[in-house]
Amino acid sequence: MKVFWNPFIKSLQLPKRDAVFALNRVGMDIVVVYMFIFLAIASIPGLVEQITSNQVATELQIHPFFYLIFFFIFYYLIIVLIVFASLSIIAYIGTFIAKATGRKLQFGLMWKMAAFTTTIPLIAFTILSFFLPLTALFLTIAIAFIFFILIKIILIYPVRKKR
């Protein structure tokens, strides 16, 4: 569990230099599992809402196990696909920004850093979605936050030497 706890603590400290370089050393397999776990936690409010909204008096009673299967297939997997595709697009844009600023950063590192920058927005989403209906404004703010932190991370790395 410590293998996920340390990246979590460091991702809360982004864009500090020591946090960036510590997260740089985390393996990609850890990052992917970290995202699966975080997205599962962020999906809990949706599961609670699904279960409680179907508790109204209906003639059709569905076993809670089937709610979990339905939730996993039609909510969690779709969220994972959307988030991973979005992270890839953000990392691709980050690679262009890094190239434009003269930094030598590869797509894999940018994807890893983009994934870790989502920690704070995912925590905020999980907590706020229990109390408020979240709109596109929250998504816009979260994406702006991710890009802001990612640009600060890119600028931490040294400029590539010209040969």
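Selection of the range 119-152 for residues being surrounded by 13 or more Cβ atoms within 10 Å (Cβ to Cβ) and not in a helix (DSSP H, G or I) yields only LEU134.
Could you tell me whether the range 81-102 includes any residue that is in a loop (DSSP other than H, G, I, E, B) and modelled with pLDDT of 85 or more? Walk me through how you get there before you give the answer.
Restricting attention to the range 81-102, the residues satisfying the condition of being in a loop (DSSP other than H, G, I, E, B) are 101-102.
Then keep just the ones that are modelled with pLDDT of 85 or more; that gives 101-102.
Yes.
Among the conditions (1) more than 16 Å from the chain's Cα centre (by Cα); (2) within 30 Å of ILE153 (Cβ to Cβ), the only one that PHE72 does not satisfy is (2).
For VAL26, the conditions (1) at pLDDT 90 or above; (2) surrounded by 12 or more Cβ atoms within 10 Å (Cβ to Cβ); (3) assigned to a helix (DSSP H, G or I) all hold with the exception of (3). Close contacts from the range 53-72, counting a first residue that is within 17 Å of ALA40 (Cα to Cα) and surrounded by 10 or more Cβ atoms within 10 Å (Cβ to Cβ) and a second that is modelled with pLDDT of 70 or more and of a type in the set (A, V, I, L, M), with Cβ to Cβ under 6 Å and a gap of 6+ residues or different chains, come to TYR67/ILE51; PHE71/LEU47.
The values are calculated or read from the model by the stated rules, or taken from the named source; none is laboratory data. Predicted model only: the values in this text are computed from it and were never measured. Cβ: placed from backbone, ideal geometry, glycine included. Neighbour counts: every protein chain shown.
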